[in-house]
Amino acid sequence: MAAGAMGKAYDATWGRFFASFYDRALKASEEHGLGDMRRALLSEARGRVVEIGAGTGVNLDLYSDGIEDLTLVEPDPHMGAKLRERLTGHSGPARLVTAPAEALPFPDDTFDTAVATLVLCTVPDPVAAIAELARVLKPDGRLLFIEHVRAADPGTARWQDRLEKPWRFMADGCHCNRDTEANLRASSFQVDSVEHGVLPKSPAIVRPLIRGTAILTA
């Protein structure tokens with residue numbers, strides 16, 4: 001087998017394994033505050049909603065009755081398989097679309113609300129993904145986000161830089177040192193509110209957390 005083919009086979013095997021234990025890996029974080037953060041944030045979703053990097057569907061049952069429909073975007077086939085299992089037992093207006101966040105297959109001005117939770121750390125091009133969310137949102141549409149980010153503390157940030165490559169390998173593409181808040185502020189979104197906190201029960205290099213909302217400006 002050629003080296004490239006071996007690498008692809010290994011990536012597929014690891015991706016399948018990572019998807020299988022993802023929910024268990026986050027279980028302690030969810031139980032010690034992350035789940036409450038998700039629920040509070042998603043209570044603000046309204047109208048037509050798109051969620052990028054929906055993963056295994058952990059947010060699925062946390063949306064309120066205030067939404068019109070829910071489009072879950074997930075490019076990874078292994079995560080998508082877990083999400084499809086969740087969707088079979090879900091009665092709400094939700095559908096799965098397989099696509100990358102950087103190339104959303106929707107017309108301009110389609111959605112009222114966009115959601116990104118623990119995903120902008122992993123997408124290959126976060127700037128392009130944020131631009132795509134701006135494109136598919138209606139004017140004055142809102143982006144709801146929870147993301148672990150680059151630490152403000154220089155010492156922790158240096159460790160994030162040192163460990164970025166091994167962490168990215170272990171966490172299936174997650175970059176522990178991304179400055180997502182800066183990316184959002186440099187985009188066509190206006191950051192309406194942002195709260196800095198910590199990702200509970202997590203390694204120090206992914207503990208710095210932001211959560212909040214951004215509004216699409218004209």
field: region 189-214 residues that are under 19 Å from L137 (Cβ atoms), paired with ones that are open to solvent by 30 Å² or more (accessible area, probe 1.4 Å) and assigned to a loop (DSSP other than H, G, I, E, B) (beta carbon under 9 Å, 6 or more apart)
entry: F189/T217; Q190/T217; T213/E44; A214/S187
- request: Could you tell me which residue of region 197-215 is most open to solvent (accessible area, probe 1.4 Å), considering only residues that are more than 18 Å from W159 (Cβ to Cβ) and part of a strand (DSSP E or B)?
  value: R211
query: Does G15 satisfy being open to solvent by less than 20 Å² (accessible area, probe 1.4 Å) and touching a His at 6+ places or on another chain (Cβ under 7 Å)?
result: yes
message: For region 89-120, give me each residue that is in contact with a Phe, Trp or Tyr (Cβ under 8 Å, 6 or more places away or on another chain) and not aliphatic (A, V, I, L, M).
response: G92, T117
message: Against the condition surrounded by 13 or more Cβ atoms within 10 Å (Cβ to Cβ) and either modelled with pLDDT under 95 or out of contact with any strand residue (DSSP E or B) (no Cβ under 7 Å at 6 or more places or on another chain) (or both), how does S29 come out, does it pass?
response: yes
query: When region 78-109 is examined, which residues are found to be touching a residue at least 40 places away in the same chain (Cβ under 8 Å) and either open to solvent by 60 Å² or more (accessible area, probe 1.4 Å) or of a type in the set (G, A, S) (or both)?
result: A81, K82, A101
- line: Taking region 32-52 and keeping residues in contact with a Pro (Cβ under 8 Å, 6 or more places away or on another chain) and open to solvent by 10 Å² or more (accessible area, probe 1.4 Å) leaves H32, G33
- line: Cβ pairs under 8 Å, 6+ apart or interchain, first in region 155-167 and in contact (Cβ under 8 Å) with a residue 40 or more places away in the chain, second among the aliphatic types (A, V, I, L, M) and in a helix (DSSP H, G or I), ordered by first then second residue, are T156/A204; T156/I205; W159/A204; W159/I205; Q160/I205; L163/I205
query: For residues in region 126-155 being in a loop (DSSP other than H, G, I, E, B) and in contact with a helix residue (DSSP H, G or I) (Cβ under 9 Å, 6 or more places away or on another chain), which is most open to solvent (accessible area, probe 1.4 Å)?
result: R150
task: Quick one: which residue in V123, V119, V115 is in a strand (DSSP E or B) and open to solvent by less than 50 Å² (accessible area, probe 1.4 Å)?
output: V115
statement: In region 161-187, anything within 19 Å of G53 (Cβ to Cβ), at pLDDT 95 or above, assigned to a loop (DSSP other than H, G, I, E, B) and open to solvent by 20 Å² or more (accessible area, probe 1.4 Å) is listed as H175, N177, R178, D179, S187
task: Considering every residue within region 1-21, establish whether at least one is outside any helix (DSSP H, G or I) and either under 15 Å from the mean Cα position of the chain (by Cα) or modelled with pLDDT under 90 (or both).
output: yes
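The values are calculated or read from the model by the stated rules, or taken from the named source; none is laboratory data. All figures in this text were calculated on a predicted structure; none of them were measured in a lab. Using ideal geometry, Cβ is built from the backbone for each residue, glycine included, and neighbour counts are taken over all protein chains shown. Please note that ligands, DNA and RNA were not included when accessible areas were found on the heavy atoms of the full protein model with its side chains. Shrake-Rupley method; radii C 1.70, N 1.55, O 1.52, S 1.80 Å.
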